[in-house]
Amino acid sequence: MKTLIAVLSIIVALLALALVPLALGGCGAAATDHNEPNDDLNTAHVLAPGVPVDGVIGPDDSDVFQCDTPEGDGIRSFIVTVQTETPQDIELQVGASIPGSWEGITWPGWKAVTKGDHIEVTGTLKKGTVLMFVKGTSGTTYTIDITWR
């Protein structure tokens, strides 16, 4: 009898441990975006070239990222890539902040192109900051990266 009670006590303890993640919001809960707040230009997350960053679209959310052009003269090409399991649920817009420009953001007409499980924008910039705006369906997870050539 004592053995049966001990076994049942262990089973109850294991069940309680298994239910803790559900009580704390695990299993089906929305993912957390560690870049927040990054909803506007003042709070934009700075991307390091070649270092992917994970993100999550929140309710009524727009995630903003930025990356300065590398040092040096001449026009530089870049590729912004957003990887996601559901590219149809993501909208990527890429603009630039250019020194000496009277506008806050310039929209050079860089087009987002979906290629399988990712969205790409390619462009060129001499000096300034590439600004990336990611919007979409709440709960959609993604990885964003920028590379310069």
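The values are calculated or read from the model by the stated rules, or taken from the named source; none is laboratory data. These figures come from a predicted structure and were not determined experimentally. Cβ placement follows ideal geometry from the backbone for every residue including glycine, while neighbour counts extend to all protein chains displayed.
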Legend entry - Within region 73-104, tally of residues that are within 17 Å of Ile57 (Cα to Cα) and outside any strand (DSSP E or B): 6
Inset, instruction - Could you grab me the full set of residues in region 9-58 that are loosely packed, with under 14 Cβ neighbours inside 10 Å, more than 21 Å from His118 (Cα to Cα) and modelled with pLDDT of 90 or more? - result: Thr43
Legend entry - Index of the failed condition, Arg149 passing every other in (1) farther than 24 Å from Thr32 by Cα; (2) modelled with pLDDT of 95 or more: (2)
Legend entry - Tally, over region 113-149, of residues that are of a type outside the set (D, E, K, R), farther than 21 Å from Asp60 by Cβ and part of a loop (DSSP other than H, G, I, E, B): 2
